[in-house]
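One structure is given below, encoded as structure tokens.
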Amino acid sequence: ARATARTDSFDGLRLENVTKSFGSFTAVDDLDLDVPRGSFFALLGPSGCGKTTTLRMVAGLETPTSGGITLAGNDITYAKPYKRPVNTVFQSYALFPHLDIHENVAFGLKRRKVGNVDAQVTEMLELVELESQARKKPAQLSGGQQQRVALARALINKPEVLLLDEPLGALDLKLRRNMQLELKRIQTEVGLTFIHVTHDQEEAMTMADTVAVMNAGVIEQMGAPQELYENPRTTFVANFLGQSNLIGGTIKSRAADVVTVDMHGVDVSIPAARCHADGDEGWIGIRPEKVLIGDPGEQLDAPGNSIPGGVVTDVSFVGVSTQYQVRMPWGQEIQVFAQNTGHRRIYRPGESVELSWRPDYAFLLDASQDAKAG
Ligand code: ATP
């Protein structure tokens, strides 16, 4: 009854208080999740965080220990896998080796004795751009092409929700990048709900409208990729989505729109919307590419907004950017990724520098969290 209580108007996929335990181990812990219809949704997290278990409960391959799952208001918590309008594409494509591509895609429809199979198969093969390969056997195709066949085979069943479990994991990096864009194009074209499970943050951010970051059975944060990257609420999310410098600070004052933090003797302002610390102590977070590096006293940004006393300890030139490690007076090494625009010189180890950043690029996290988490 609980699972259907709030579902009247929501036409997407909803998980309510979903818990899955294996013996005494809780793999998914009281998960609440709304996936809007027609969205490209990514479940992102490290190995073992519970994302595959979550996907398997949506597919009907696992039963929740407690909680409910609804799709467009219908309770599917205990529905048989083949009774729900959900299909899964796995990393191992599981194509039939003795059937050609056309037959592989047609297989599900033939079994269900649907009419007009050939036309539907042709339409699907056009969608994944494999019309010309229809009479080949799977072994004659590349990994990326086989993956597209698996996708066509799932889509031809016209599921409401397509689950993708690390579908690109077996592909090399370049093919992976191509397939990411390809998958995104196909999802936009068919307008179905895609739920994509991955541990690759770049992949999740490239493809998904909404990303849910999972850690140890719970969702730490959910939002648009840019929102998660620029305004993480936990140290885990900050570290999992790229690199961050986390610098300890003491909160001096809180105004409606800005919080002022004493960062080892320098006052730093942080927009209130990016402050996620309740106590007196916090971690000031700043992404390496948002830190500016200049000569001492150069005042790179707003006057008074610079952090003096840095000494370069390490430099790597990586073409488009130069990556620095800068030791600050309090002993911490700060990472700086400086764009090589041509008008700035490259500093050498041992040189004194001044760091700076625009106040609205920083965020503040609760100091009770481990800065190294993630
Ligand atoms: P990966 O990316 O490595 O697949 P994941 O985030 O998908 O990781 P899950 O496969 O959901 O993680 O597993 C979550 C936890 O639940 C793991 O610690 C795993 O060992 C445990 N687990 C999963 N299935 C079972 C099972 N059938 N029996 C016991 N423990 C399980």
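The values are calculated or read from the model by the stated rules, or taken from the named source; none is laboratory data. Quick caveat, the model's predicted, so the values are computed rather than measured. In this analysis, Cβ positions are derived from the backbone assuming ideal geometry, glycine residues included, and neighbour counts consider all displayed protein chains.
Select, from L163, L181, L173, the only residue that is assigned by TED's automatic domain parsing to the domain that holds Q146 and surrounded by 18 or more Cβ atoms within 10 Å (Cβ to Cβ). It would help to see each step written out before you state the result.
Working: L181 fails: surrounded by 18 or more Cβ atoms within 10 Å (Cβ to Cβ); L173 fails: surrounded by 18 or more Cβ atoms within 10 Å (Cβ to Cβ).
Of L163, L181, L173, the one residue that is assigned by TED's automatic domain parsing to the domain that holds Q146 and surrounded by 18 or more Cβ atoms within 10 Å (Cβ to Cβ) is L163.
If we scan segment 110-130, do we find a residue that is among the small types (G, A, S), more than 25 Å from G38 (Cβ to Cβ), assigned to a helix (DSSP H, G or I) and out of contact with any strand residue (DSSP E or B) (no Cβ under 9 Å at 6 or more places or on another chain)?
No: segment 110-130 contains no residue that is among the small types (G, A, S), more than 25 Å from G38 (Cβ to Cβ), assigned to a helix (DSSP H, G or I) and out of contact with any strand residue (DSSP E or B) (no Cβ under 9 Å at 6 or more places or on another chain).
Quick check on this structure: which one of T65, T26 is in contact with a strand residue (DSSP E or B) (Cβ under 6 Å, 6 or more places away or on another chain) and farther than 16 Å from H196 by Cα?
Of T65, T26, the one residue that is in contact with a strand residue (DSSP E or B) (Cβ under 6 Å, 6 or more places away or on another chain) and farther than 16 Å from H196 by Cα is T65.
For the structure I just gave you, tell me whether L31 is touching a helix residue (DSSP H, G or I) at 6+ places or on another chain (Cβ under 8 Å), within 16 Å of the ligand (Cβ to nearest atom) and either assigned to a strand (DSSP E or B) or among the charged types (D, E, K, R) (or both). Give the steps one after another, and end with the answer.
Numbers: touching a helix residue (DSSP H, G or I) at 6+ places or on another chain (Cβ under 8 Å): yes; within 16 Å of the ligand (Cβ to nearest atom): yes; either assigned to a strand (DSSP E or B) or among the charged types (D, E, K, R) (or both): yes.
Yes; evaluated as a whole, the condition is true for this residue.
Collect the residues in segment 300-332 that are part of a strand (DSSP E or B), surrounded by fewer than 15 Cβ atoms within 10 Å (Cβ to Cβ) and modelled with pLDDT of 95 or more, keeping them in residue-number order.
T313, D314, S316
Have a look at G115, G169, G143 and point out the one that is modelled with pLDDT under 90 and within 16 Å of the ligand (Cβ to nearest atom).
Details: G115 fails: within 16 Å of the ligand (Cβ to nearest atom); G143 fails: within 16 Å of the ligand (Cβ to nearest atom).
Within the list G115, G169, G143, the selection yields G169.
Can you name the residue in segment 58-69 that is buried (at least 22 other Cβ atoms within 10 Å of the Cβ) and in contact (Cβ under 8 Å) with a residue 60 or more places away in the chain and is also nearest to the ligand (Cβ to nearest atom) among such residues?
Initially, segment 58-69 is screened for residues buried (at least 22 other Cβ atoms within 10 Å of the Cβ), giving 58, 64, 69.
Still in the list and also in contact (Cβ under 8 Å) with a residue 60 or more places away in the chain: 58, 69.
Numbers: V58: 12, I69: 16 Å.
Filtering segment 58-69 for residues that are buried (at least 22 other Cβ atoms within 10 Å of the Cβ) and in contact (Cβ under 8 Å) with a residue 60 or more places away in the chain, the one nearest to the ligand (Cβ to nearest atom) comes out as V58.
Kindly evaluate A150 against the criterion of being under 31 Å from the mean Cα position of the chain (by Cα) and in a helix (DSSP H, G or I).
Numbers: under 31 Å from the mean Cα position of the chain (by Cα): yes; in a helix (DSSP H, G or I): yes.
Yes, satisfied.
Collect the residues in segment 200-232 that are within 8 Å of the chain's Cα centre (by Cα), within 13 Å of the ligand (Cβ to nearest atom) and surrounded by fewer than 18 Cβ atoms within 10 Å (Cβ to Cβ), keeping them in residue-number order.
D200
Please work out which residue is farthest from the ligand (Cβ to nearest atom), limiting yourself to segment 174-199 and to residues that are part of a loop (DSSP other than H, G, I, E, B) and on the phi < 0 side of the Ramachandran plot.
Of the residues in segment 174-199, the ones part of a loop (DSSP other than H, G, I, E, B) are 191-192, 199.
Adding the requirement that they be on the phi < 0 side of the Ramachandran plot leaves 192, 199.
Values: L192: 22, H199: 5 Å.
Only one residue tops the list, namely L192.
Using the structure shown, decide if D29 is closer than 21 Å to N215 by Cβ, of a type in the set (D, E) and free of Cβ contacts under 8 Å to residues at least 60 places away in the same chain.
Values: closer than 21 Å to N215 by Cβ: yes; of a type in the set (D, E): yes; free of Cβ contacts under 8 Å to residues at least 60 places away in the same chain: no.
No; evaluated as a whole, the condition is false for this residue.
Can you name the number of the only condition in (1) surrounded by 15 or more Cβ atoms within 10 Å (Cβ to Cβ); (2) in contact with an Asp or Glu (Cβ under 6 Å, 6 or more places away or on another chain) that F107 fails?
All conditions pass for F107, except number (2).
Among the listed residues S21, S47, S39, identify the single one that is in contact (Cβ under 8 Å) with a residue 24 or more places away in the chain, under 25 Å from the mean Cα position of the chain (by Cα) and over 26 Å from T210 (Cα atoms).
Values: S47 fails: over 26 Å from T210 (Cα atoms); S39 fails: over 26 Å from T210 (Cα atoms).
Criteria check complete, one pass: S21.
Can you work out which of the residues in segment 12-28 that are surrounded by fewer than 16 Cβ atoms within 10 Å (Cβ to Cβ) and not in a strand (DSSP E or B) is nearest to the ligand (Cβ to nearest atom)?
G23
Filter segment 107-130 down to the residues that are touching a residue at least 24 places away in the same chain (Cβ under 8 Å) and among the aliphatic types (A, V, I, L, M), then identify the one that is farthest from A59 (Cα to Cα).
L130
Can you pull out every residue in segment 34-57 that is under 24 Å from F236 (Cβ atoms) and more than 12 Å from the ligand (Cβ to nearest atom)? Lay out the reasoning, then the answer.
Of the residues in segment 34-57, the ones under 24 Å from F236 (Cβ atoms) are 34-35, 39-57.
Within segment 34-57, D34, V35, S39, F40, F41, A42 qualify.
(1) more than 16 Å from the ligand (Cβ to nearest atom); (2) in a helix (DSSP H, G or I); (3) out of contact with any helix residue (DSSP H, G or I) (no Cβ under 9 Å at 6 or more places or on another chain); (4) not aromatic (F, W, Y): which one isn't true of S9, the others all being true?
(2)
Please tell me if V211 is touching a Gly at 6+ places or on another chain (Cβ under 9 Å), within 21 Å of C275 (Cβ to Cβ) and modelled with pLDDT of 95 or more. Steps first, please.
Working: touching a Gly at 6+ places or on another chain (Cβ under 9 Å): yes; within 21 Å of C275 (Cβ to Cβ): no; modelled with pLDDT of 95 or more: yes.
So V211 fails the test.
Kindly indicate whether any position in segment 86-93 is among the aliphatic types (A, V, I, L, M), within 16 Å of the ligand (Cβ to nearest atom) and in contact with a helix residue (DSSP H, G or I) (Cβ under 8 Å, 6 or more places away or on another chain). Even if it seems obvious, please write down each step before you answer.
So the first thing to find is which residues in segment 86-93 are among the aliphatic types (A, V, I, L, M), and the list is 86, 89.
Right, trim to within 16 Å of the ligand (Cβ to nearest atom) and you get 89.
Adding the requirement that they be in contact with a helix residue (DSSP H, G or I) (Cβ under 8 Å, 6 or more places away or on another chain) leaves 89.
Checked against the condition, which is being among the aliphatic types (A, V, I, L, M), within 16 Å of the ligand (Cβ to nearest atom) and in contact with a helix residue (DSSP H, G or I) (Cβ under 8 Å, 6 or more places away or on another chain), segment 86-93 yields at least one hit.
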